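Q: I have a structure here, written as structure tokens, and I will follow up with some questions on it.
The values are calculated or read from the model by the stated rules, or taken from the named source; none is laboratory data. Quantities reported herein were computed from a predicted structural model and do not represent experimental measurements. Here the Cβ positions follow ideal geometry from the backbone for every residue, glycine too, while neighbour counts run over all protein chains shown.
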Amino acid sequence: MKSLIVGMCALTLAGGALAQSPKALVRASGGEVHVAGRTVEESNSSGANSGDVVVANGGEAYVTYPNGCTIKVTGSYTIQDAAPAKCPSLGKVGSETNYAMVGAGIAVAAGAVALASGGGDDAKPAPPKPSSP
């Protein structure tokens, strides 16, 4: 029973992590790149949420949505709630992250850990006492 409760908690946490996944990934390519005030180091990526502003000074940033749509940013760009219907600029390029697969992987791993942790701590009821005549 205890392992079932731990497993359910782990799956709930994994679901919460998936629900909070970023709307897009921002990759810096030269110059200074900021996402919602956070600096993105060159050749690195950072998650961005809807409404976050990407600013590229003296370089470029690439915003990649989960559907693979990648947008080149040379000034500023606001992250949309969903990928643009018509993908401008670079078009669809291979995405760095498949968000659904990441969420599924987290849920499976959490469930496996919960089940593997065993149930050795569950208390066993005492055997019944023999009845006397």
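Q: Please go through region 36-47 and give me each residue that is hydrophobic (A, V, I, L, M, F, W, C) and under 16 Å from G58 (Cβ atoms), ordered by number.
A: Scanning region 36-47 gives a single hit, V40.
Q: Okay, next question. Only residues that are surrounded by fewer than 14 Cβ atoms within 10 Å (Cβ to Cβ) and either polar (S, T, N, Q) or not in a strand (DSSP E or B) (or both): list them for region 32-55, please.
A: The answer is G37, T39, E41, S43, N44, S50, G51.
Q: If you take the residues of region 36-47 that are touching an Asp or Glu at 6+ places or on another chain (Cβ under 8 Å) and free of Cβ contacts under 8 Å to residues at least 40 places away in the same chain, which of them is farthest from I79 (Cα to Cα)?
A: Among those residues, the one meeting the criterion is T39.
Q: Sticking with this one: Any chance you could count how many residues in region 56-108 are exposed (fewer than 12 other Cβ atoms within 10 Å of the Cβ), modelled with pLDDT under 50 and over 20 Å from the mean Cα position of the chain (by Cα)?
A: The total comes to 1.
Q: If you check K2 against the conditions, is it within 30 Å of K124 (Cα to Cα), surrounded by fewer than 18 Cβ atoms within 10 Å (Cβ to Cβ) and modelled with pLDDT under 90?
A: Yes: the conditions hold for K2.
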